[in-house]
Every structure is written in C-alpha cells, then in structure tokens.
Amino acid sequence: MKVVSRSFRANGRIPGRCAFAVKSPKTHVRLADNRNPHLAWSGAPPGTRSFVVTCIDGDAPTRPDDVNQEGRQVPVDLPRAEFVHWLMVDIPVEVTEIAEGSCSASVTARGKTAPGGPDGARQGLNDYTGWFAGDPEMEGRYLGYDGPCPPWNDARVHHYRFEVYATDLERCELGEAFTVADLRQALQGHILAQGGITGRYSLNPQIRLR
C-alpha cells in the first residue's frame, strides 16, 4: 500500500501546526495547533473490509532523568522506546483519505472524550494518558490524535511513523479506551496489507530540520 500526505513529505519535517508543541525562545515550548496531518492511501487488496491508522514515535527516551532539565541533554545513544500518538480502527473501506485537522485541531486538557473522525471509526488511547498522570491540570484519558512533543533537550531527532493497515475485519474486537497492545492482539491474522509514511520532529533549538 502507498501512503502519502499533503501536510509533510516522506522523511520530512512535520509542521508545527500538526504538533502538540512548538519551540518558544522564552519557555522552551508552547502548545501548538495539534492538527492531525492529512493522510491518503491506495493499493488496498481485494477482501479489505476496514482500515486502521496508527502513529508511533519510536524515539521516546527510556529514562526520564535528563528529560526537559535545564543544563542537561538527553543523550542520542540512550535506549529508546515507543510513544503512541494515534490509534484509529474501523475506518470504512470506502474511506481512503483523512483531511488535516479533521480528527484533531487543538490541544485538549485532560484529553479528548470524543475525537472526530470518519463515521463509524473508533479511536484508542495515546501515551499522553500516562505522560500526564498525576498532573492536576492535564491528567486524563487522551483519545485520538495528539501530535509530537519530544523533549526540548533531546539530542536525537524523533521519527513519527504513520501506518495504515488494510484488514479483513469490518469491526475490530476492541473495547473502549483500547491500547496499542490491545490493538496488536486484535489485528493478529487480520492484516492484508500495510503502508506508511514517516515524519521527523524536534523541539531542540540546536537542531534545525528541513
């Protein structure tokens, strides 16, 4: 399958309007427009009954010691892990494009309770749910898309993989507020094809992306 975006080019910089935060010279970062990027896909095989969309950052730090700390830097060679930004299932087979800003167009404190999306689609938890746990102003269930916000002192550029799966499922066997682990289990044996596009993002003022 082929996946393209009008919001960013393959392996290019994700625009600030599609991020959770952008650079700020005074406070390091400030909240951004948090618009989901445009995505379109083609080449689904016969037998496809629905699509799944995910966005995962594979460069999240595995230790919080240096994250967003003045006078320190998250080292580039620190082991990394996944940070989930978007999970959407049950996208109807006739839908092959998602407009920019149609599923998310702002930062919502405590998370979106009913994120927008194609009719019939459902959206799972992203990892801001855990990131903001214990924060009295932001804690909540973060459903749907919430964009990039890597540590502002990370020496590594983060890569965000938007993946589209063609499945033979009309409806995924998932409950409310499902996680990426739940999704991967539900999709076992049901993926007919997949394709994706990767974008890059950084909030480190010493890194300039094109």
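The values are calculated or read from the model by the stated rules, or taken from the named source; none is laboratory data. The model shown is predicted, which means the values in this text are computed figures rather than measured ones. So basically every Cβ, Gly included, is an ideal-geometry build from the backbone, and we count neighbours across all protein chains shown. Remember, those area values only see protein heavy atoms, side chains included, never the ligands or the DNA or RNA. Shrake-Rupley method; radii C 1.70, N 1.55, O 1.52, S 1.80 Å.
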Between Leu209 and Trp131, the two model label points (7 Å from Cα along the beta-carbon direction) sit apart by a distance in nm of 1.3
Over the alpha carbons of the chain, what is the largest minus smallest coordinate on each principal axis, giving the biggest first in Å?
55, 36, 30
Taking R0 as 30 Å and r as the Cβ-Cβ distance between His190 and Ser42, the FRET efficiency 1/(1 + (r/R0)^6), rounded to the nearest 0.05, comes to 0.90
Select from the range 165-205 those chymotrypsin sites (Phe, Trp or Tyr not before Pro) which occupy a DSSP coil region and have at most 11 other Cβ atoms within 10 Å, ordered by residue number.
none
A student applying the Cα gyration tensor rule (rounded when a/c is under 1.5; otherwise prolate if a/b is larger than b/c, oblate if not) would label the range 116-164 oblate
Largest first, how would Ile207, Ile197 line up by accessible area (1.4 Å probe)?
Ile207, Ile197
Stretched out fully, how many nm does the piece from Ala10 to His28 gain, at 0.36 nm a residue minus the Cα gap?
3.8 nm
Could you please tell me the mean projected area of the C-alpha convex hull for the range 85-176, averaged over all directions and given in square nanometres to one decimal?
7.2
Just need log10 I(q)/I(0) for the range 1-98 at q = 0.11 Å⁻¹, Debye formula, equal scatterers on the alpha-carbon atoms, no solvent, rounded to two decimals.
-0.48
Loop only per DSSP, at most 13 neighbouring Cβ atoms within 10 Å: give me the GluC sites (Glu not before Pro) in the range 150-194, ordered by residue number.
Glu170, Glu173, Glu176
For Glu170 and Val95, compute 0.36 nm times the residue count separating them, minus their Cα-Cα distance, and round to one decimal in nm.
25.7 nm
May I ask you to evaluate 6.51 cos²θ - 1.76 cosθ + 1.60, the Karplus curve with θ = phi - 60°, for each residue of the range 114-122 and list the ³J(HN,Hα) values in order in whole Hz, giving x for glycine and proline?
9, x, x, x, x, 4, x, 6, 10
For Lys2, Lys23, Lys112, give me the order by solvent-accessible area with a 1.4 Å probe, most accessible first, ignoring ligands, DNA and RNA.
Lys2, Lys23, Lys112
How long are the semi-axes of the equivalent ellipsoid of the range 27-84, taking √(5λ) for every eigenvalue λ of the Cα gyration tensor, in whole Å from largest down?
35, 17, 8
Per residue accessible area in Å² of the chain, where ligands, DNA and RNA are left out and the probe is 1.4 Å:
49
Along the range 51-65, what does the Karplus equation 6.51 cos²θ - 1.76 cosθ + 1.60 (θ = phi - 60°) give for ³J(HN,Hα), rounded to whole Hz, x for Gly and Pro?
10, 10, 10, 9, 9, 9, 8, x, 10, 5, x, 8, 10, x, 3
Give the residue list of GluC sites (Glu not before Pro) in the range 17-113 that are DSSP loop and have at most 11 other beta-carbon atoms within 10 angstrom.
Glu70, Glu94
Given a 1.4 Å probe and the protein chains all in place, what does the accessible area of Cys55 round to, in Å² to the nearest 10?
0
On the accessible surface of the chain, probed at 1.4 Å, how many percent belong to carbon and sulfur atoms?
48
Dipole moment magnitude, nearest 20 debye, the chain about Cα centre, only Lys, Arg, Asp, Glu C-beta charged:
880
Based on the alpha carbon coordinates of the range 45-113, what radius of gyration and maximum Cα-Cα distance (Dmax) apply, in Å?
17.5, 55
